[in-house]
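**Student:** Can you keep this structure in mind? I'll have questions shortly.
The values are calculated or read from the model by the stated rules, or taken from the named source; none is laboratory data. Predicted model, so just to flag it, every value in this text is computed and none were measured. Glycine gets a Cβ as well: all are built from the backbone with ideal geometry, and neighbour counts include every protein chain shown. With ligands, DNA and RNA removed, areas are computed over all heavy atoms of the protein, side chains included. Shrake-Rupley method; radii C 1.70, N 1.55, O 1.52, S 1.80 Å.
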Amino acid sequence: MSQSEGKHVLLTGANGFVASHILSILIDQGYAVTATVRSPAKGEAIIKTHPSWKDKIEFAIVSDFTTAGPFDEVFKKTKFDYVIHAASPVNFNVSDIQKEMIEPAEKGTTEILKAALKYDSLKRFVFLSSAVTVMNSFEDMTKEGKPYTEKDWNPVTAKQAIEKHDAVLGYNVSKIRAEAAAWEFFEKNKPSFDLVVINPDIIVGPMIHPIDGPKSINETNGFAVSSFIDGTHKTIDGVQFPFYHYVDVRDVAQSHVDALTNPAAANQRILLIADLITPQLVVNTIRENFPQLKDRVPEGNPSQILPPGIHPTGWDMRVSLDILAKGSKTGKWNYRDLKTSIVDTVQCMLDSHVI
């Protein structure tokens, strides 16, 4: 009998970019899955996109994470072995950073943990966080600093994000508060299950979530890939990323499923950083591999990899790579390279007619 057989996973935000890939692996590995979505229509869209999943998922509707006890009914109905909490809004177009970004992310995390504690059956809670909770939002990009590790925390505050009315800072704070709330909950309540937090940097890769036109492109694929094809950037001059390291969505998804049963992952933060990503590397890859798009993609200066004056701080990945390798079926962990990620992303966008 496999480790997954008869084991039941609750996956939140199942129609999202990352969660769709997690869902695919869970189904392939034989887990029983209950998937939360915000409305019945969102569940129907998943099945319309993946008809073969029809009888392999039970959907639970959780329309608003910020209400009282939004997950109680879900936990009352089913005894779960694991939770993968992958639902968190990534929308930079907000008018109220506190109410639209920070509160939903933090409350969504604390409410699902409260329900898990109340209806105690879990072995492990796996939480999709972000590398932005680790790196410093005010990093001096002109010189490379001491490499980040799992022990680092981003010092940015809600007050700073709101005063600057900076949605990227607001997003960073929302992720910091949500992750910190999870660790605080465990410290205070000492539940019988343990916590694994996964911290990926910019996530790119092919999209298997329901697609309905260009607006369905997720935020990170949007700024890191399609913005160089859809006319947003006519030139590379002056284009900067908020961060300069990436990870492929398929590796992110695999890390979550591996973390369910990996003893080495218990109560750890796991950094997911594959390699460097820059505007120039992205356009070089698209132009080399999609000659039909050359007239739409700026050339820039192919040999100038980093934007002028930018020297991002790197990552010390030794601890995380060791945990990831222990959780992998092969005992090794290998990231997909940037070319594979970008080529598969662009091909998926062409096939879906979103660029």
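**Student:** Collect the residues in the stretch 27-48 that are out of contact with any Ser or Thr (no Cβ under 8 Å at 6 or more places or on another chain) and assigned to a helix (DSSP H, G or I), keeping them in residue-number order.
**Tutor:** ILE27, ASP28, PRO40, ALA41, LYS42, GLY43, GLU44, ALA45, ILE47, LYS48
**Student:** Out of the stretch 5-41, which residues are open to solvent by 30 Å² or more (accessible area, probe 1.4 Å), more than 19 Å from the chain's Cα centre (by Cα) and touching a residue at least 24 places away in the same chain (Cβ under 8 Å)?
**Tutor:** GLU5, GLY6, LYS7, HIS8, GLN29, GLY30, ALA32, SER39
**Student:** For THR261, state whether it is open to solvent by 50 Å² or more (accessible area, probe 1.4 Å), more than 26 Å from SER39 (Cβ to Cβ) and among the polar types (S, T, N, Q).
**Tutor:** no
**Student:** With ILE229, ILE208 as the choices, which residue is in contact (Cβ under 8 Å) with a residue 40 or more places away in the chain, surrounded by fewer than 23 Cβ atoms within 10 Å (Cβ to Cβ) and in contact with a His (Cβ under 8 Å, 6 or more places away or on another chain)?
**Tutor:** Exactly one residue qualifies, and that residue is ILE208.
**Student:** Can LEU293 be described as open to solvent by less than 10 Å² (accessible area, probe 1.4 Å) and within 25 Å of LEU23 (Cα to Cα)?
**Tutor:** Here the answer is no, as LEU293 does not meet what is asked.
**Student:** Does LYS339 count as open to solvent by 50 Å² or more (accessible area, probe 1.4 Å), in contact (Cβ under 8 Å) with a residue 12 or more places away in the chain, closer than 20 Å to VAL247 by Cβ and in contact with a Ser or Thr (Cβ under 7 Å, 6 or more places away or on another chain)?
**Tutor:** yes
**Student:** For the structure I just gave you, tell me whether SER192 is outside any loop (DSSP other than H, G, I, E, B), at pLDDT 95 or above and small (Gly, Ala, Ser). Please lay out each step first, then the result.
**Tutor:** Numbers: outside any loop (DSSP other than H, G, I, E, B): no; at pLDDT 95 or above: yes; small (Gly, Ala, Ser): yes.
Here the answer is no, as SER192 does not meet what is asked.
**Student:** Which residue pairs have Cβ atoms closer than 8 Å, lie 6 or more positions apart in sequence or on different chains, and pair a first residue in the stretch 85-104 that is among the hydroxyl-bearing types (Ser, Thr, Tyr) with a second residue that is part of a loop (DSSP other than H, G, I, E, B)?
**Tutor:** What qualifies is SER88/GLY13.
**Student:** Looking only at the stretch 296-321, how many residues end up being surrounded by 13 or more Cβ atoms within 10 Å (Cβ to Cβ), touching a residue at least 24 places away in the same chain (Cβ under 8 Å) and more than 14 Å from LYS234 (Cα to Cα)? Give the derivation first.
**Tutor:** Within the stretch 296-321, the first condition is being surrounded by 13 or more Cβ atoms within 10 Å (Cβ to Cβ), and the residues that meet it are 296-298, 300, 302, 305-307, 310-317, 319-321.
Then drop every residue that is not touching a residue at least 24 places away in the same chain (Cβ under 8 Å), which leaves 296-298, 300, 305-307, 310-317, 319-320.
Subsequent filtering for residues that are more than 14 Å from LYS234 (Cα to Cα) retains 305-307, 310-317, 319-320.
Within the stretch 296-321, residues that are surrounded by 13 or more Cβ atoms within 10 Å (Cβ to Cβ), touching a residue at least 24 places away in the same chain (Cβ under 8 Å) and more than 14 Å from LYS234 (Cα to Cα) number 13.
**Student:** Being touching a helix residue (DSSP H, G or I) at 6+ places or on another chain (Cβ under 6 Å), in a helix (DSSP H, G or I) and on the phi < 0 side of the Ramachandran plot is the requirement here; does ALA115 meet it?
**Tutor:** Numbers: touching a helix residue (DSSP H, G or I) at 6+ places or on another chain (Cβ under 6 Å): yes; in a helix (DSSP H, G or I): yes; on the phi < 0 side of the Ramachandran plot: yes.
Criteria met by ALA115.
**Student:** Further question on the same structure: With respect to the numbered conditions (1) β-branched (Val, Ile, Thr); (2) in contact with a helix residue (DSSP H, G or I) (Cβ under 7 Å, 6 or more places away or on another chain); (3) surrounded by fewer than 15 Cβ atoms within 10 Å (Cβ to Cβ), which one is the sole condition not fulfilled by VAL126?
**Tutor:** In the conditions (1) β-branched (Val, Ile, Thr); (2) in contact with a helix residue (DSSP H, G or I) (Cβ under 7 Å, 6 or more places away or on another chain); (3) surrounded by fewer than 15 Cβ atoms within 10 Å (Cβ to Cβ), VAL126 misses (3) alone.
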